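The structure appears below as structure tokens.
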Amino acid sequence: MSTVNANLAGGANLTSGQERMPANTRASIRSRIANWYFFPAFAPIIQNRWLLLILAGLGIFQVGLVDAGWWGWQCPIEAIFGIPCPGCGLTRSMVLLIHGEWQAAVATHAFAPLFLATLILLAICGALPRRFQRCVSQYIAAFEKRTGIAVLVVLGMLIYWGLRHAGWIGH
Amino acid sequence: MTTMFILSTVMTIIQIVGLILLIMVLIKQFKHGGVLQGIIGLITCGFWTFIWGWMKHKPLELTKIMVVWTILIVSPMVLTAVFGFAMMSEMANMLAGMTGEASLTQMKDSFDLKSRKNAAKANIKVNMPNQPKREPQKGDSEAKADWSQKALALWQNGEYTDPNQAVDLWNKAIQDNPNSAESYNNRGLAHYNLKKYPQAVEDYSRAIQLKPDYVVAYNNRGNAYYELTQYDLAEADFNQSIGFEPGYAKAYLNRALTNYQLDRNSQACLDFKKACELGECEGQQWAVQNSICQ
């Protein structure tokens with residue numbers, strides 16, 4: 001036991017060497033792009049219980065409002081200019097999904113299944129104990145870093161929006 | 001008909017003001033949150049911008065804007081409750097005609113679940129400049145002494161020369177004594193060197209569990225969270241570390257960098273200054289050179 005204790009000081013000193021110094025503030029363009037592309041976007045939300053609950057709550061509230069035919073969140077761009085943004089139609093599509101109308105849902109917005117799954121994941125994670133929340137977050141962070149899924153989804157939505165407006169994919 | 005006209009005028013004003021506020025917050029989001037944040041805000045009908053605005057309302061002084069925007073968002077729901085859905089639906093169709101849309105029988109909606117917590121800023125590298133000082137071996141167990149001693153011998157110039165071997169050695173040390181907080185902490189450092197940050201977090205957490213006032217383990221876990229870009233958790237750990245040991249310069253330095261990543265430059269400067277007062281001045285020099293602090 002005393003042997004281990006002898007190393008405790010070593011351990012503490014090991015630690016004292018660990019710090020972060022801003023040695024390289026000008027990262028290369030390649031590494032900047034890599035950082036931007038493989039940056040975990042979704043995982044940090046799961047670490048923040050309040051944000052998680054607020055997002056899941058607002059999401060469910062929004063879907064509920066639209067399902068009930070009430071006035072939910074309105075896209076200001078579409079309301080003023082009449083041009084739907086890439087996210088317009090997601091809630092309506094999710095409501096259709098919940099009612100089992102898969103074809104109509106995908107026709108309304110192809111990304112709705114992904115967003116509905118995300119909403120369900122948020123709601124589940126909000127109910128998880130802190131320890132499991134961290135595990136899920138770490139797993140998702142690793143997945144996001146490996147695949148760059150956040151940027152892929154954003155690009156996918158922009159391309160999908162462009163194709164819809166070009167008339168190549170039906171609204 | 002008069003009610004309808006007033007209602008549609010009110011709604012038009014609400015929508016125009018709402019758009020102006022969205023643009024104002026969106027500009028802040030692009031500026032402080034990064035391009036990806038801004039694009040996500042744009043493609044989600046402003047929903048993520050709204051959430052982000054509330055998240056950042058204090059440091060960016062957006063409270064008034066966000067309160068007004070929230071009132072504008074809630075007011076159509078209240079109006080629907082007051083005037084009834086039929087009238088609101090008719091009025092929505094009327095507005096749709098004004099904007100040139102084909103039809104608007106349903107209320108338009110949008111929703112986004114995707115987000116990014118923090119901007120991808122300058123990539124700040126980790127530097128571990130100090131050579132550890134080791135206490136002389138006083139062991140009464142050769143086997144236990146061996147693993148730890150060998151592992152410590154691998155630590156040079158602020159990192160393990162062979163982190164994989166260090167992990168193996170600390171595994172054996174932990175097998176010998178599963179209740180050694182320091183062994184977990186040191187294995188965490190090896191995982192950190194291997195860029196296995198989740199595993200490092202696990203080890204530091206175990207170390208803290210075994211020794212709840214383990215100041216350096218909090219600091220190290222903060223660093224691992226920093227690498228995982230979980231800055232809120234990193235900050236919480238540095239706060240803990242400073243709480244236990246108010247003279248811990250490296251924790252101030254690390255918290256300063258975390259604040260910098262969270263766009264809280266004024267707080268970052270205070271922490272850089274404090275770290276310098278305690279003997280760690282490289283951070284402050286860097287911040288001054290890069291015009292972050294004066």
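The values are calculated or read from the model by the stated rules, or taken from the named source; none is laboratory data. Since we're looking at a predicted model, the values are computed, not measured. Heads up, the Cβs are rebuilt from the backbone with ideal geometry, glycines too, and the neighbour counts pull from every protein chain shown.
Points worth noting:
- From the list B:238, B:244, the lone residue that is more than 9 Å from every other protein chain (Cβ to nearest Cβ), surrounded by fewer than 24 Cβ atoms within 10 Å (Cβ to Cβ) and either out of contact with any helix residue (DSSP H, G or I) (no Cβ under 9 Å at 6 or more places or on another chain) or closer than 19 Å to residue B:279 by Cβ (or both) is B:244.
- Residue under evaluation residue A:129, criteria (1) out of contact with any His (no Cβ under 9 Å at 6 or more places or on another chain); (2) within 13 Å of another protein chain (Cβ to nearest Cβ), criterion not met: (2)
- Filter result (at the interface with chain A (Cβ under 10 Å from one of its Cβ atoms) and not polar (S, T, N, Q)) within the stretch B:27-40: B:34, B:35, B:36, B:39, B:40
- Residues of the stretch B:9-26 satisfying the condition of being away from chain A (no Cβ under 12 Å) and of a type in the set (S, T, N, Q): B:9
- When we screen A:140, A:83, A:120, A:124 for residues that are modelled with pLDDT under 85 and among the β-branched types (Val, Ile, Thr), the only hit is A:83.
- Those residues of the stretch B:255-284 which are closer than 22 Å to residue A:43 by Cα, part of a helix (DSSP H, G or I) and not hydroxyl-bearing (Ser, Thr, Tyr), in sequence order: B:255, B:257, B:259, B:261
- Residue in the stretch B:47-59 that is more than 19 Å from the chain's Cα centre (by Cα), at the interface with another protein chain (Cβ under 9 Å from one of its Cβ atoms) and in a helix (DSSP H, G or I) present: yes
- Any hit, the stretch B:213-231, residues being outside any helix (DSSP H, G or I), within 25 Å of residue A:135 (Cα to Cα) and more than 13 Å from the chain's Cα centre (by Cα): yes
- Verdict on residue A:45 being at the interface with chain B (Cβ under 8 Å from one of its Cβ atoms), touching a residue at least 60 places away in the same chain (Cβ under 8 Å) and among the hydrophobic types (A, V, I, L, M, F, W, C): yes
- Answer residue from the stretch B:14-46, given it is of a type in the set (S, T, N, Q) and part of a helix (DSSP H, G or I) and is modelled with the highest pLDDT among those: B:29
- Subset of the stretch A:58-76 (residues that are crowded, with 20+ Cβ neighbours inside 10 Å and more than 7 Å from chain B (Cβ to nearest Cβ)): A:63
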